[in-house]
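Here is the structure we will look at, set down as structure tokens.
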Amino acid sequence: MTNLHSIAATVALVCLAALDPAQAGAQPTAPPPPPERTTAISGYMDFHFNKLELEDGRLDFHRFVLLVTHRFSDRIRFVSELEVEHALVEGLEEAGELELEQAYVDFLLARRFNVRAGMMLMPVGIINERHEPPIYYGVERPFVDTLIVPTTWFEVGAGVHGEIGRGWRYRAYITSPLNAREFTAEEGIRNGRQKGADTNIGRPAVTGRLEYAGVRGLTAGASFWTGHSGFEFRPRFEVPVTVTEADVRYSRNRLELRGQFAHTTIGNAAELNGALGRAVGVDPNVASALRGFYGEAGYRVISGASFGDVGLFARYENFDTQYRMPDGYLPLKALDRDALVVGFTYWPDADVAVKFDYSALRNRSSVIRSHNSLNLGLGWWF
Amino acid sequence: MSRTFTLGSLLCVVVCGLAATARPDARAAGQAKAQVIEIAAERFSYTPSEFRVKADAPVEIRLSSDDTDHGFRILGTDINIIIPKRGKGSATVTFQPPKPGRYVFECSKLCGAGHAFMRGTLIAE
């Protein structure tokens, strides 16, 4: 009986001890923090093989990008992104470019209101602010994100940004405007980017974005950019340009869906064409409106395997850089294009993407054909 | 007397045993309802980016990434961990708010062009 008393008492003590969280180890502990770093370096690369129909294939080290950030304090930090395009810089864009795509200082004042100044990405569209190769399908960026929204679109300026609660975020910047002297029929406003190089800021442009990211996997946003772009002409005349854009992106588990619509208006396009025609001898036929949209679906047919993930995708795009013409001008129908892009991405690691796609292009011209292309790419982030 | 003591001891064992096994469940249930937060990270946002917790109890924060590896750092504290990249698991950290208030968290691992936008707020009430 005495033994029974002892056993019962011992078990009771053990049970009582189990009620003490400290002794039972019930308090979970955090893993030790990594060493604090105030300066960080990272980057991404993009290596392509492009085979355009009826032409020889080409290998291109398209992008070599380094990001350097520094945190002066919890409230002040610096972000930069330096890019070498096409591996070689010879002074002309066709040969290559060395671009300072981002170099700004953030003053983090409050969650709802922060101030940013320097070289900034324009907050327009899906790709411009989110363009690391492993996170989008396709070897090249979408045509709409090249010809209607001229990614990578960066300018100098200053602005504010913040989150206003429940996943709603905004950006609003004052920046240097586009230069209408460089507008073309085929590429619209793309060549008008001043890129922060001794920019004209006589009449600053304004850009902004409102974005909702309050549900896991879903991001929906709307953006605008508006500015006056005729500052290089004498006598000076107004060339008001407005870009409006809306996009949605949803990804969950294996599925990823994207859609984007972008529309650009160019005011006084007839006067612009006249001035450019007198300057260079050829009327450039710049449109008064450009429009593009696309929808994309991707699905990871293999996910979580030891050798990585594989995703298939298809994207339909419609993009027209001659969507509306000024009075007296006819659109070049070869520039009213659509594309069906299909392919796959293989991720041996979440930060490494091997890509393949085939792009079938069509246009409205009965004379000029658009050429299809086969593309292979290797992109990585580190 | 001896019989009474034995029965008392056994009753104590049963009660304590039940309590010892029941208490973790009760704690887990409580955490699941109010003090366990699951956060998904992707370029360049956390979801949710704002959440409320009770200030007088620790909060377990479970983090996963839908793309690359991200960081999770709560400003003004020693909480600073890496969230493994997609397919490489998740990270869990327990945070005891030192006092009621708003705690800003941010990505502490450079993750891309929009890295600076990856911020959120934990509100301890």
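The values are calculated or read from the model by the stated rules, or taken from the named source; none is laboratory data. A quick note: this is a predicted structure, and the numbers were derived from the prediction, not measured. Neighbour counts run over all protein chains shown; Cβ positions are idealised from the backbone, glycine included. Ligands, DNA and RNA are excluded from the accessible area calculation, which covers all protein heavy atoms including side chains. Shrake-Rupley method; radii C 1.70, N 1.55, O 1.52, S 1.80 Å.
Below are the figures for this structure:
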| quantity | calculated |
| --- | --- |
| Hits in the stretch B:47-99 (condition: at the interface with chain A (Cβ under 10 Å from one of its Cβ atoms), open to solvent by 40 Å² or more (accessible area, probe 1.4 Å) and not in a loop (DSSP other than H, G, I, E, B)) | B:Glu50, B:Ile82, B:Thr92 |
| Residue check for A:Val139: touching a Lys or Arg at 6+ places or on another chain (Cβ under 7 Å) and open to solvent by less than 20 Å² (accessible area, probe 1.4 Å) | yes |
| Candidates A:Thr207, A:Thr265, filtered to the one that is open to solvent by 40 Å² or more (accessible area, probe 1.4 Å), more than 14 Å from every other protein chain (Cβ to nearest Cβ) and modelled with pLDDT of 95 or more | A:Thr265 |
| Of residues in the stretch B:55-79 being of a type in the set (A, V, I, L, M) and within 24 Å of A:Arg71 (Cα to Cα), the one nearest to the chain's Cα centre (by Cα) | B:Leu63 |
| Looking only at the stretch A:335-382, and only at residues there that are acidic (Asp, Glu) and over 28 Å from A:Met325 (Cα atoms), the one that is farthest from the other protein chains (Cβ to nearest Cβ) | A:Asp357 |
| Test: residue in the stretch A:357-370 that is open to solvent by 20 Å² or more (accessible area, probe 1.4 Å), more than 28 Å from A:Val241 (Cα to Cα) and touching a Phe, Trp or Tyr at 6+ places or on another chain (Cβ under 7 Å) | no |
| Failed criterion for A:Pro235 (all others in (1) open to solvent by less than 40 Å² (accessible area, probe 1.4 Å); (2) without any contact (Cβ under 8 Å) to a residue 24 or more places away in the chain; (3) not β-branched (Val, Ile, Thr) hold) | (1) |
| The listed residue being open to solvent by 10 Å² or more (accessible area, probe 1.4 Å), over 9 Å from the mean Cα position of the chain (by Cα) and either within 24 Å of A:Arg258 (Cα to Cα) or hydrophobic (A, V, I, L, M, F, W, C) (or both), out of A:Val160, A:Val144 | A:Val160 |
| Residue that is part of a loop (DSSP other than H, G, I, E, B) and among the hydrophobic types (A, V, I, L, M, F, W, C), where the choices are A:Ala297, A:Ala287, A:Ala334 | A:Ala287 |
